[in-house]
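The values are calculated or read from the model by the stated rules, or taken from the named source; none is laboratory data. As the structure is a computational prediction, the values presented were derived from the model and not from experiment. Cβ: placed from backbone, ideal geometry, glycine included. Neighbour counts: every protein chain shown.
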Amino acid sequence: MSVSLEHYLVVSAVLFGIGLWIALAKRNAIIILMGIELMLNAVNLTLVAFNRFVTLADGRPALAGHVFVIFVITVAAAEAAVALALAVSVYRTRSTVDIEQIDLLKR
Amino acid sequence: MNPDYSLLIPEYILAVWAALVVAVDVMMPKLRRDVPAYLAALGALAAGIASVLYIDVNKGFEAIPGVTIMHVDDYTTYMRVLLCGIAVFILLMSAQFVRMRLSHAGEYSAIVLVATLGGMLMVEGTELITSWIALELLSFCFYTLVSFARRELRSNEAGLKYMLLGAFSTALFLYGLSLIYGVTGTTTYDGIAAALSNRGEDLTLALVVGFVFIIAGLGFKVAAVPFHMYTPDAYQGAPLPITAMLSTTSKAAAFALFFRLFTTAFLPAHEEWKWMIALIAAVTMMWGNLVALQQTNLRRLFAYSSIGQVGFMLIAVAAATQDAGSSLLFHMAGYAVTNLAAFTIIVVFFNREGSDEIADLAGLAERQPFLALAMVTALFSLAGMPLFAGFFTKFMLFVSGWDAGLEWLSGVAVVASLISLYYYLMVIRQMYVIAPRVPGRFRTPALLWGVIAVLVVGVFFLGIWPAPLLDAADTAAAFLFRA
């Protein structure tokens, strides 16, 4: 049995689901960030899988999916950098990154 | 053929000017800290003037032959001018604020320019990767700007929350895009539209799931209910001029992308997503306006009021007709002018009193009649009273929804609009009826007085003589539906 498009899509959907659950259920900002990274990697897997199985009308191999993945990886790295910087600056003053305890901004 | 780089001159101006502002700030450490903001405002003005030169240009920017990643047309031009105009006013109201309360004045002004650049790229993108990168550019600028008051805990907290939810929404949005790519096999808007109009029936499920994720992702960016949780926090924690920018630049650019994506790429599948957006629009406008009723902080009030406005604007996206497009563009301009006026007033008050609580506005009419009167104008316009900009723009929006077969949605919008009148009137009551807590009149600085006066005149101008701008919006929207 060969590995078909469906297999890739199911794996990436499961990966995305796990990431989604982590991002929504966890309290620690760093863990949430890890969940988001997982979601982004699920997106990458989907894109690469689709790119492998999509053929263009004129028979040339598809490229857009690969290009997309490279951009996603880059932006994910930048995102982690900015988010961690913010987490550090919050930690300096509050000594915690638990989003439940960072609650100055409530009515 | 090489891409036509001359199409992007306004963007180059902004990018170079941003670098220049930082350089000037670094080279002249003794510079007064409000100067970079004025300098950057000049740059935004220059980019706006350069954008005007592209009226009636209708050309695509082809990265590789056959792949149009950006398109410069009247829709682009209209939004470019609007975004540059917003940036000028944001920078003018920032100058004194930055001088008094923030460090790193050069970077602040430069990032405001880069955010505007990101917004402009969002408007002209006609390819998924390009539009998404532009969206990220804008979002990253806002993450930094919201948390710019480094020593203020509220600002940091708002930045962290905004960033986490923003990154989360990006992941949702991307998953949607990847599904759309899988179904259609292309990332250009034109290609997607072509693939969607001759698709087989079996692809519907993947498409609908893709739309759900894309709408959720963009819903976060425009702050539609139920994806709005970060909005009040970000609005309250951010430096005040950035709050104004969040409510104007970020909304205008995100809606321009939203509308272009859904009317050029996804229009053949209109039936699949129309009801989703209509539903979100109805919930958003009711929720935003109802929760606004209980707010005591001016910024949180404006956060919820802007959520309500997002609901109104979503009507146009759900309708997806040319009339809806022109009324969306028109409403965006009216909303931007009105909101900028309101926020400039709040900035003046905040610079002077250090407070943004509604209760502290008590007796403003006695203490500074000009500010109070201008605020009344802005609030009446937001509520949609006749003679003010908000009436006409909202009216057009509701009518376009009605004409597109969304009669019930326009009905809900009218009710929501009436509710909003109540909390705007509460603010006015505070200024005119309640006695001042702190006695003594104060003066508005000359420059900001001028800015407020210009914006207030703009509000009346759009309310009394809307024809010129409406014509421009009509021409702009026609470009999206020319096929």
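Out of A:Leu47, A:Leu20, A:Leu15, one residue alone is more than 17 Å from B:Leu164 (Cβ to Cβ) and within 12 Å of the chain's Cα centre (by Cα). It is A:Leu15. Among the conditions (1) facing chain B (nearest Cβ under 8 Å); (2) modelled with pLDDT under 95, the only one that A:Arg92 does not satisfy is (1).
With respect to (1) out of contact with any Ser or Thr (no Cβ under 8 Å at 6 or more places or on another chain); (2) in a helix (DSSP H, G or I); (3) within 12 Å of chain A (Cβ to nearest Cβ); (4) over 26 Å from B:His71 (Cβ atoms), the lone exception for B:Arg151 is condition (2). Sort out which residues of the range B:169-223 are under 25 Å from the mean Cα position of the chain (by Cα) and at positive phi, and write them in order of number. Once the filter is applied, which keeps residues that are under 25 Å from the mean Cα position of the chain (by Cα) and at positive phi, the range B:169-223 yields only B:Ala223.
Checking each residue in the range B:218-241 for being within 13 Å of another protein chain (Cβ to nearest Cβ), assigned to a helix (DSSP H, G or I) and of a type outside the set (A, V, I, L, M, F, W, C) picks out B:Tyr230, B:Thr231, B:Pro232, B:Asp233, B:Tyr235, B:Gln236, B:Gly237.
Quick test of your reading of the structure: A:Glu79 fulfils all but one of (1) more than 9 Å from chain B (Cβ to nearest Cβ); (2) closer than 30 Å to B:Tyr181 by Cβ; (3) charged (D, E, K, R). Name the failing condition by number. Here A:Glu79 clears every test but (1). Which of the residues spanning the range B:112-144 are within 12 Å of chain A (Cβ to nearest Cβ), assigned to a helix (DSSP H, G or I) and either in contact (Cβ under 8 Å) with a residue 40 or more places away in the chain or in contact with a Ser or Thr (Cβ under 6 Å, 6 or more places away or on another chain) (or both)? Selection gives B:Leu128, B:Ile129, B:Thr130, B:Ser131, B:Trp132, B:Ala134, B:Leu135, B:Ser139, B:Phe142. The one condition from (1) at pLDDT below 95; (2) farther than 22 Å from B:Val451 by Cα that B:Phe349 does not meet is (2).
Taking each residue of the range B:278-298 that is on the phi < 0 side of the Ramachandran plot and looking for partners that are of a type in the set (Phe, Trp, Tyr) with beta-carbon atoms closer than 7 Å, six or more apart or interchain, yields B:Met285/B:Phe312; B:Gly288/B:Tyr304; B:Val291/B:Tyr304; B:Ala292/B:Tyr304; B:Ala292/B:Tyr423; B:Leu293/B:Tyr422; B:Leu293/B:Tyr423; B:Gln295/B:Tyr304. The residues listed here are B:Arg441, B:Arg429; of these, the one that is in contact with a Lys or Arg (Cβ under 9 Å, 6 or more places away or on another chain) and of a type in the set (Lys, Arg) is B:Arg441. Whether a residue is facing another protein chain (nearest Cβ under 9 Å), out of contact with any Lys or Arg (no Cβ under 6 Å at 6 or more places or on another chain) and surrounded by fewer than 19 Cβ atoms within 10 Å (Cβ to Cβ) was assessed, and A:Phe53 passes this test. Taking residues in the range B:174-188 that are more than 7 Å from every other protein chain (Cβ to nearest Cβ) and under 12 Å from B:Glu127 (Cβ atoms), and partners anywhere that are surrounded by 24 or more Cβ atoms within 10 Å (Cβ to Cβ) and of a type in the set (Lys, Arg), not one pair has Cβ atoms closer than 9 Å while being at least 6 places apart or on different chains. Is one or more of the residues making up the range B:29-37 at negative phi and either in contact with a strand residue (DSSP E or B) (Cβ under 8 Å, 6 or more places away or on another chain) or crowded, with 21+ Cβ neighbours inside 10 Å (or both)? Within the range B:29-37, one or more residues are at negative phi and either in contact with a strand residue (DSSP E or B) (Cβ under 8 Å, 6 or more places away or on another chain) or crowded, with 21+ Cβ neighbours inside 10 Å (or both).
Quick one: in the range B:268-290, which of the residues that are buried (at least 20 other Cβ atoms within 10 Å of the Cβ) and not small (Gly, Ala, Ser) is farthest from the chain's Cα centre (by Cα)? Step through it out loud before you land on a result.
Our first condition is that a residue be buried (at least 20 other Cβ atoms within 10 Å of the Cβ); within the range B:268-290, this holds for B:269, B:273, B:277-278, B:280-282, B:284-285, B:288-289.
Adding the requirement that they be not small (Gly, Ala, Ser) leaves B:273, B:277, B:280, B:284-285, B:289.
Working: B:Trp273: 23, B:Ile277: 18, B:Ile280: 18, B:Thr284: 16, B:Met285: 16, B:Asn289: 18 Å.
Here the residue is B:Trp273.
Hey, can you tell me all the residues within the range B:1-27 that are under 20 Å from B:Asn58 (Cβ atoms), in contact with a Phe, Trp or Tyr (Cβ under 9 Å, 6 or more places away or on another chain) and in a helix (DSSP H, G or I)? Show your work before the answer.
Quick first cut of the range B:1-27, residues under 20 Å from B:Asn58 (Cβ atoms) only: B:1-11.
Then keep just the ones that are in contact with a Phe, Trp or Tyr (Cβ under 9 Å, 6 or more places away or on another chain); that gives B:3-5, B:7-10.
Scanning the range B:1-27 gives B:Tyr5, B:Leu7, B:Leu8, B:Ile9, B:Pro10.
Restrict the check to the range B:427-438 and report whether at least one residue is hydrophobic (A, V, I, L, M, F, W, C) and within 24 Å of the chain's Cα centre (by Cα).
Within the range B:427-438, the first condition is being hydrophobic (A, V, I, L, M, F, W, C), and the residues that meet it are B:427-428, B:431, B:433-435, B:438.
Now restrict to residues that are within 24 Å of the chain's Cα centre (by Cα): B:427.
Yes, the range B:427-438 has at least one match.
Got at least one residue in the range B:73-92 being within 14 Å of another protein chain (Cβ to nearest Cβ) and either surrounded by 22 or more Cβ atoms within 10 Å (Cβ to Cβ) or among the charged types (D, E, K, R) (or both)? I'd like the intermediate steps shown before the answer.
Initial filter on the range B:73-92 (within 14 Å of another protein chain (Cβ to nearest Cβ)): none.
No: the range B:73-92 contains no residue that is within 14 Å of another protein chain (Cβ to nearest Cβ) and either surrounded by 22 or more Cβ atoms within 10 Å (Cβ to Cβ) or among the charged types (D, E, K, R) (or both).
A single member of A:Ala62, A:Ala29, A:Ala42 is surrounded by 22 or more Cβ atoms within 10 Å (Cβ to Cβ), of a type in the set (A, V, I, L, M, F, W, C), within 18 Å of B:Leu179 (Cβ to Cβ) and within 8 Å of chain B (Cβ to nearest Cβ), and it is A:Ala42. Would you be able to say whether some residue in the range B:200-217 is crowded, with 24+ Cβ neighbours inside 10 Å, assigned to a helix (DSSP H, G or I), among the hydroxyl-bearing types (Ser, Thr, Tyr) and more than 11 Å from chain A (Cβ to nearest Cβ)? Scanning the range B:200-217, I find no residue that is crowded, with 24+ Cβ neighbours inside 10 Å, assigned to a helix (DSSP H, G or I), among the hydroxyl-bearing types (Ser, Thr, Tyr) and more than 11 Å from chain A (Cβ to nearest Cβ), so the answer is no.
Answer yes or no as to whether A:Glu100 is more than 8 Å from chain B (Cβ to nearest Cβ), assigned to a loop (DSSP other than H, G, I, E, B) and among the acidic types (Asp, Glu). Give the derivation first.
Values: more than 8 Å from chain B (Cβ to nearest Cβ): yes; assigned to a loop (DSSP other than H, G, I, E, B): yes; among the acidic types (Asp, Glu): yes.
So A:Glu100 passes the test.
Within the range A:91-104, residues that are in contact (Cβ under 8 Å) with a residue 12 or more places away in the chain reach partners that are among the aromatic types (Phe, Trp, Tyr) with beta carbons closer than 7 Å, at six or more positions or on different chains, in the pairs A:Val97/A:Tyr91. In the range B:351-433, counting only helices (runs of 4 or more DSSP H) that sit wholly within it, the ones holding 1 or more residues that are acidic (Asp, Glu) span B:364-367, B:389-403, B:407-432. All conditions in (1) assigned to a helix (DSSP H, G or I); (2) of a type in the set (Gly, Ala, Ser); (3) more than 14 Å from every other protein chain (Cβ to nearest Cβ) hold for B:Ala171, with the sole exception of (3).
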